[in-house]
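The structure appears right after this line, and notes come after that.
The values are calculated or read from the model by the stated rules, or taken from the named source; none is laboratory data. Fair warning: this is a prediction, and the values are worked out from it, not measured in the lab. So basically every Cβ, Gly included, is an ideal-geometry build from the backbone, and we count neighbours across all protein chains shown.
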């Protein structure tokens, strides 16, 4: 009697696992950031004199991420940014930012982000930690991530989109902004990323 | 007086020559000085404003000058035959470098489609923009071509002094007095 019930429990547990496991795997998916359709944005905001802000974007970047709504902790992301695609709608300023006074894009043409972990804080929000390489220096950063939405798109694909925010201290990456005044030591990053399931 | 001859330069050529000389030296000094200014310097905005306004003025003058030079006879070059060949090549290169410096400078500021204001009076529109790394690459060309121009202009000055002083020709005088002088 006792052994029979144990067997039954074990069988149902195994069955349950066998049924559940493929389901969990089916939900984890790899996504490619929709760079081609330009449904992804890297925006930055930095203080100007302490009186206002300069807003800009990095227009060219590619990346992938993995996302499982049932197991968000397993999420990961990798992004590669073409630094010289920086754009603030002012050619002379962009040239200056890209020069060796600041980003030195000739020497360090690429910035990369590789995630190391994700901590869900519930409600589709969480903290994505990873290593950002910028100006040739790699530093751990944390991005506050918010899941915007996901599902079938109208063209036969499946998409998921996220919004992220983080603040970078530029001197951590060896970028000297002291000549721009005391308020320009940090830059706020705003990321909007839409991925197409592969 | 106005037109060039085989013996000397007319007033327009002489004026354009010296105006170019003054502008090239001023623009070089201004350009060097202003790129070293800090963000909080009084001249951080004004320096480039003058540099771009004067530079585009020089571009306009140079196009006029080239047209006039091609329409008018050119006074004969001084010196022996190899000196004349070198002088012609040098003058040609001076024009090429002048245009290279000014066009590359124009391409820096217009790299993202913005025009360039000339003394606030009017704006020269962007004709070529959004090329890959346009402002940065045009900036490199601008810097090296400006240096080459100044070095060649020093050579040009030394050559003119050589003809005038050592060869006892009227080289300097004919670039000052219209129509040439009696000393030939």
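Test residue B:71 against the criterion of being surrounded by 15 or more Cβ atoms within 10 Å (Cβ to Cβ) and either within 26 Å of residue B:163 (Cβ to Cβ) or away from every other protein chain (no Cβ under 14 Å) (or both), and give yes or no. Judged against the criteria, residue B:71 is not a match.
When residue A:154 is tested against (1) in a loop (DSSP other than H, G, I, E, B); (2) surrounded by fewer than 18 Cβ atoms within 10 Å (Cβ to Cβ); (3) within 11 Å of chain B (Cβ to nearest Cβ); (4) at negative phi, just one condition goes unmet, and that condition is (3). When residue B:135 is tested against (1) farther than 27 Å from residue A:86 by Cα; (2) crowded, with 19+ Cβ neighbours inside 10 Å, exactly one condition is not met: (1). For first residues located in the stretch B:80-108 and at positive phi, partners that are in a helix (DSSP H, G or I) and at pLDDT 95 or above and lie 6+ apart or on another chain with Cβ distances below 9 Å do not occur.
Between A:105, A:111, the distinction of being surrounded by 18 or more Cβ atoms within 10 Å (Cβ to Cβ), under 21 Å from residue B:141 (Cβ atoms) and in contact with a helix residue (DSSP H, G or I) (Cβ under 6 Å, 6 or more places away or on another chain) belongs to A:105 only. For residue B:4, the criteria (1) under 19 Å from residue B:149 (Cα atoms); (2) crowded, with 18+ Cβ neighbours inside 10 Å hold in every case but one, which is (1). Filtering the stretch A:121-145 to residues that are farther than 19 Å from residue A:174 by Cα and surrounded by fewer than 16 Cβ atoms within 10 Å (Cβ to Cβ) leaves A:121, A:122, A:123, A:124, A:125, A:127, A:129, A:144.
Pairing residues of the stretch A:169-183 that are more than 10 Å from every other protein chain (Cβ to nearest Cβ) with residues that are loosely packed, with under 13 Cβ neighbours inside 10 Å, at Cβ distances under 7 Å and at least 6 apart in sequence or on separate chains, gives A:173/A:137; A:174/A:137; A:183/A:50. Condition check: more than 14 Å from chain B (Cβ to nearest Cβ), assigned to a loop (DSSP other than H, G, I, E, B) and at pLDDT 95 or above. Does residue A:148 satisfy that? When the stated conditions are applied, residue A:148 does not pass them.
From the list A:129, A:84, which one is within 14 Å of chain B (Cβ to nearest Cβ) and either within 16 Å of the chain's Cα centre (by Cα) or outside any strand (DSSP E or B) (or both)? Of A:129, A:84, the one residue that is within 14 Å of chain B (Cβ to nearest Cβ) and either within 16 Å of the chain's Cα centre (by Cα) or outside any strand (DSSP E or B) (or both) is A:84.
So that you can scan it fast, the table gives a plain yes or no per residue for (1) surrounded by fewer than 19 Cβ atoms within 10 Å (Cβ to Cβ); (2) away from chain A (no Cβ under 14 Å):
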{"site": "B:42", "(1), (2)": "yes, yes"}
{"site": "B:61", "(1), (2)": "yes, yes"}
{"site": "B:83", "(1), (2)": "yes, yes"}
{"site": "B:86", "(1), (2)": "yes, yes"}
{"site": "B:95", "(1), (2)": "yes, yes"}
{"site": "B:105", "(1), (2)": "no, no"}
{"site": "B:122", "(1), (2)": "yes, yes"}
{"site": "B:127", "(1), (2)": "yes, no"}
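Of the residues making up the stretch A:85-122, those that are under 30 Å from residue B:37 (Cα atoms) and touching a strand residue (DSSP E or B) at 6+ places or on another chain (Cβ under 9 Å) number 16.
Of all residue pairs spaced 6 or more apart or on separate chains, those with beta-carbon atoms under 7 Å, a first member in the stretch A:113-127 that is free of Cβ contacts under 8 Å to residues at least 12 places away in the same chain and a second member that is surrounded by 15 or more Cβ atoms within 10 Å (Cβ to Cβ) and part of a strand (DSSP E or B) are A:121/A:127.
Only a single item in (1) facing chain B (nearest Cβ under 9 Å); (2) surrounded by fewer than 16 Cβ atoms within 10 Å (Cβ to Cβ); (3) touching a helix residue (DSSP H, G or I) at 6+ places or on another chain (Cβ under 9 Å) is not met by residue A:89, and it is number (3).
Those residues that are in a helix (DSSP H, G or I) and within 16 Å of residue A:108 (Cβ to Cβ), I need them from the stretch A:172-187; list them, please. A:172, A:173 - these are the residues of the stretch A:172-187 that are in a helix (DSSP H, G or I) and within 16 Å of residue A:108 (Cβ to Cβ). Answer yes if at least one residue in the stretch A:57-79 is without any contact (Cβ under 8 Å) to a residue 12 or more places away in the chain and either loosely packed, with under 15 Cβ neighbours inside 10 Å or touching a strand residue (DSSP E or B) at 6+ places or on another chain (Cβ under 7 Å) (or both), and no otherwise. There is no residue in the stretch A:57-79 that is without any contact (Cβ under 8 Å) to a residue 12 or more places away in the chain and either loosely packed, with under 15 Cβ neighbours inside 10 Å or touching a strand residue (DSSP E or B) at 6+ places or on another chain (Cβ under 7 Å) (or both).
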